[in-house]
Each structure stands twice: as structure tokens, then as C-alpha cells.
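> The structure follows.
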Amino acid sequence: MLPLSRTLRRSVPRLTRLNLTRHISSQPSSSEPPTTRTTSFGFKTVPEDSKESLVKNVFDSVASSYDLMNDATSFGVHRLWKDSFVSSLKPGRRAPMRCIDVAGGTGDIALRILDYARENYADRETSVAVVDINGQMLKEGFRRFKKTMYHNTPQISFHEGNAQALPSEEFPDNTFDLYTIAFGIRNCTSIPAVLKEAHRVLKPGGTFACLEFSRVNNPLLSTLYDQYSFTMIPLLGTILAGDRDSYQYLVESIRKFPPQPEFAKMISDAGFTTGDHVDGGAWEDMWGGIASVHKGVKL
Ligand SMILES: C[S@@+](CC[C@H](N)C(=O)[O-])C[C@H]1O[C@@H](n2cnc3c(N)ncnc32)[C@H](O)[C@@H]1O
């Protein structure tokens, strides 16, 4: 574990004892000057090199109310999706697994993975490394895990880092059996860079699994969902978290994320083997495509 930077130590002093490591690297270098390239930040177009800090501001702002807001805006449905996501992966079924949960935030997926393995297979050896670019979100996650039996065990660790450039000394090639990312990849500047890193850190035979908001195909459901998301979610953000803009961004970012077949192609292009590029193959829609689970295997 590398020493924390002085800035991080000052801002989150207790994290020095939490097995929390910090490695933020920018995207892999490119021959083009970064300022000439743009990307979406919700519905806005911003210089590619400013998106990370804009996204960081969003999650700094929502971190303390994130779990409450997730329940309020989805009426608790995100819990069902996450339960179904994790149980479809059956962590611990064959043997204890080394898992990495990227953009892991407050640890919702990590906790479910560990609980699933323990409750179904009496497995106390499966482990999860939670990685997130945002120290505030990790801090909330750490606080939450303190109340669990996994606290202070090798089963859980928290790492500050960028999904697009995981530090290779901490996360070497061919290390993990399972890579999960839930509601995180749409916030990243380069989806291909995230997928490339996922492929790098997985062992041959390892599974990539992504839960993300997706594209609703039924026109009636799509209209109702749009009405709800663009009016109610920013309103709830204002009332419950005092932060309309962050929730407006979160809704907009969902609409900018590629539809299921396009994302499935990106996963294949990164070198993963997937099912056919149809619902029930490379991905499984949940609730008509409001969310979907994409999976791929590194062969
Ligand atoms: C909507 S939250 C999801 C958290 C958690 N996975 C869950 O399902 O509850 C998105 C998370 O992605 C993280 N994130 C955004 N960009 C990232 C990046 N480039 N690398 C790592 N994490 C990132 C944010 O800090 C935030 O914690």
C-alpha cells in the first residue's frame, strides 16, 4: 500500500487507518492535445479533461445523502436490481473469489457479494476491493462496513482510483475472478478505457459484469419514465439533498449512455466473449430496460 498524499491525509485523516489507498491517474496518454477533445457531461458538452473533476464534484456533493436518495428516487427498486445482479453472478459458488467492484461508491455491491457468498456457500474467503475515484463516497462506504462482520478483515478493502487507469502495482494483470461496476461506467469519460482496464485485471476465465441504467424500448414506458426522471428526480434532489444540479446531471447522464447493443459491442471490442447481442444474450434487461446487466468473459 502506498502512502497517502498529504492533501488526502489532511482532508480525511481517519482514512489512513482504513486500508484506503489513493492512486488517481489521468486517462492513458493520447497523442492529441486533450483540450481539442470534448465529451458529454449530462446534456452539456465539456472538454474531455474537465469531466472527471465535474463528476467528482457531483459525487462529493451527493455522498452523504447518496444512499437515502437512491431509495427515495427509485422507491427502493435499486436494491432489487442490485440483489438480482449479484445473485446472477453466484459469488463463491465454486470457490472463494477475488472480486473488484469499480466505481463502488458506498459499497452496495461489495456488501451484497460478501453476504451472498457467506449466506449461500458459508464462504468467508471471497474478498472485494472497492475502487472509486471519490474519497467521500468511499468514506461513507467504510463507515457502513464498520457495522458489519467484514470490517477489519481481508475480505474488504477500499481504494481511491480511476476506473480508466487502475494502478497496475496495486491491481496487476490477471488478478481478479470477478469485476463488477454498477451505475458507475456512464460517469466515466472513456468507456473503452474502463473496459480495457477491466480486461487487464481479470484472470483468464474471469467475468466482467456491469449494471447500468439503459434504454427503455417500450414507447409508453419510456415516456412515463422520462416524465418521472426529468421532473421528480431533480425535485427530490432539491428537497432531500438541497442539490438540484447534481440530480439533473445524473438523469441526463443516463440518457447519454449508449443503448444496449452499442454497449455490448464495446464489451466485445474490448476482448470479452459475450452472448449474442440481444436481450437475454449479451445483456439482460430489467424493468423493460430501465436498467440492464451486461456480462462478458475474458477467455
Ligand atoms: C452512481 S454511483 C454508484 C455507486 C455504487 N456502485 C452503487 O451502485 O451504489 C457512481 C460512482 O462512480 C464513481 N466514479 C465516477 N467516475 C469514476 C471513475 N472514473 N473511476 C472510478 N469511479 C468513478 C463515483 O465517484 C460514484 O461513487
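Taken together, the values in this text are just the output of simple stated rules run on the coordinates, not laboratory data. Small disclaimer: the values here were computed from a predicted structure and weren't measured. All Cβ positions, even for glycine, are placed from backbone atoms using ideal geometry, and neighbour counts span all protein chains on display.
> Only one of (1) without any contact (Cβ under 8 Å) to a residue 24 or more places away in the chain; (2) within 16 Å of the ligand (Cβ to nearest atom); (3) at positive phi fails for F183. Which number is that?
(1)
> Please go through the stretch 70-92 and give me each residue that is more than 10 Å from the ligand (Cβ to nearest atom), farther than 19 Å from F145 by Cβ and hydrophobic (A, V, I, L, M, F, W, C), ordered by number.
A72, F75, V77, L80, L89
> Can you tell me which residue among T238, T207, T153, T223 is more than 14 Å from the ligand (Cβ to nearest atom), closer than 16 Å to G271 by Cα and not aromatic (F, W, Y)? Before you say what the answer is, go through the steps one by one.
Values: T238 fails: closer than 16 Å to G271 by Cα; T153 fails: closer than 16 Å to G271 by Cα; T223 fails: closer than 16 Å to G271 by Cα.
Exactly one of T238, T207, T153, T223 is more than 14 Å from the ligand (Cβ to nearest atom), closer than 16 Å to G271 by Cα and not aromatic (F, W, Y), namely T207.
> If the Cβ limit is 8 Å and pairs must be 6+ apart or interchain, which residue in the stretch 38-58 that is closer than 19 Å to I254 by Cβ pairs with which residue that is of a type in the set (K, R) and not in a strand (DSSP E or B)?
Listed by first residue and then by second, the contacts come to T39/K51; S40/K256; F41/K51; G42/K256; F43/R255; F43/K256.
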